[in-house]
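A.B. asks: Starting off with a structure, shown below.
The values are calculated or read from the model by the stated rules, or taken from the named source; none is laboratory data. Being a predicted model, the structure only gives us computed values, none of them experimental. Note that we place each Cβ from the backbone using ideal geometry, even for glycine, and neighbour counts take in every protein chain shown. Protein only, heavy atoms only, side chains kept; ligands, DNA and RNA dropped before computing areas. Shrake-Rupley method; radii C 1.70, N 1.55, O 1.52, S 1.80 Å.
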Amino acid sequence: MHLIDRFAYANAISRLNPAYKAGFSFALLILCLVVNSLPFSAGVLILCLLATLGWAKLPLRPVLKLISIETAFLVSGVLGVAISASKLETPGAVRVAGLWLLLTPASITLALKIFLRALACAAALNFFAMTTPLTDLIALGKKLRLPALLIDLMSLTYRFIFTLWDCFERMTKAREARLGFKDMRTTFRSLGEIIASLFIESYRRSKHLELALEARLWEGNFMVLDEKYEKLAFPWQNKAGSPCERGQQ
């Protein structure tokens, strides 16, 4: 989360209008869900990676690390599609631990289609998440006439994810210094105490935030100043312009 948040503010198109990035990402996402084709899903995946690396100019290693985590999760999910298990003997199946496991070309093809479609959709969302700051998401939500309550909940949730994660890391390090994870029994007890402490800490911070908002005459929704975004420019266009043109702007 920290990595994604840092890249959202430090990429080549961070000041681009978020509507362009949202349109690009969600158009590819919808097309992937509609078009059930291996070549199309692979093409969308490659296009999203090229846009992330070439257009947004994000480093290769973090992008590949994020994709590899999603790949491992998706592989574990599509294994159940590729391999069918039954208690009855099936021609061509292999008996493992009392079950008959069957792997067919049709199931492999289906699993590969699901895997590539899901990975391409994840790559499209990765591009949008890693190139769009939260303030731009809030501004875009207001332009789309989303409910103010939904936007405020999104802002608070995003804020508290990092706050509670920092608290969790500090609590975990404190437990490790006291040998709180030396065996399985101690680990479960430490995790229970950490979760209970996080609940109390989140409640305490929420009350402090409520008092701070009331002290600032909070009227029920968060106000965000409108930003001036850059216009969409193609690679062959001179984005910076000449020094004379920049002086006139």
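A.B. asks: Need the C-alpha centroid separation for region 90-125 versus region 1-72, integer Å.
C.D. replies: Value for the Cα centre distance between the two parts: 25 Å.
A.B. asks: With +1 on the Cβ of every Lys and Arg and -1 on the Cβ of every Asp and Glu, and nothing else charged, how large is the dipole of region 99-230 about its Cα centre, in debye rounded to the nearest 20?
C.D. replies: Rounded to the nearest 20 debye, it is 440 debye.
A.B. asks: Please find, in a Gaussian network model of the chain (springs between Cα atoms separated by less than 10 Å), the residue of 70, 219, 230 whose mean-square fluctuation is greatest.
C.D. replies: Evaluated over the chain, the most mobile residue of the options is 219.
A.B. asks: On full extension of the chain, what length is gained from residue 19 through residue 69, given 0.36 nm per residue of separation minus the C-alpha to C-alpha distance?
C.D. replies: Answer, rounded to one decimal: 15.2 nm.
A.B. asks: Let me ask something additional. Could you work out how much longer the chain between residue 135 and residue 104 gets when fully extended? Use 0.36 nm per residue separation minus the Cα distance between them, nm to one decimal.
C.D. replies: Gain in length upon complete extension: 6.3 nm.
A.B. asks: Quantify, in whole percent, the carbon and sulfur part of the accessible surface of region 163-214 (1.4 Å probe; protein heavy atoms only).
C.D. replies: 63 percent
A.B. asks: In region 37-103, what is the volume of the convex hull around the alpha carbon atoms, normalised per residue and reported in Å³?
C.D. replies: 106 Å³
A.B. asks: How would you rank 147-159, 129-141, highest first, on the average number of other Cβ atoms within 10 Å across their residues?
C.D. replies: Most protected by this proxy first, the peptides run 129-141, 147-159.
A.B. asks: What FRET efficiency, computed as 1/(1 + (r/R0)^6) with R0 = 35 Å and r the Cβ-Cβ distance, is obtained for residue 182 and residue 203, rounded to the nearest 0.05?
C.D. replies: Here the calculated transfer efficiency is 0.70.
A.B. asks: Dipole size in debye (nearest 20) for the chain around its Cα centre, Lys and Arg Cβ +1, Asp and Glu Cβ -1?
C.D. replies: Here the size comes out at about 340 debye.
A.B. asks: Rounded to the nearest whole Å², what accessible area per residue is found for the chain with the 1.4 Å probe?
C.D. replies: Value returned for the chain: 68 Å² of accessible area per residue.
A.B. asks: Quick one: what are the phi-derived ³J(HN,Hα) couplings along region 160-166, Karplus 6.51/-1.76/1.60 with θ = phi - 60°, whole Hz, x for glycine and proline?
C.D. replies: Running phi through 6.51 cos²θ - 1.76 cosθ + 1.60 with θ = phi - 60° gives 6, 4, 6, 5, 6, 5, 5 Hz.
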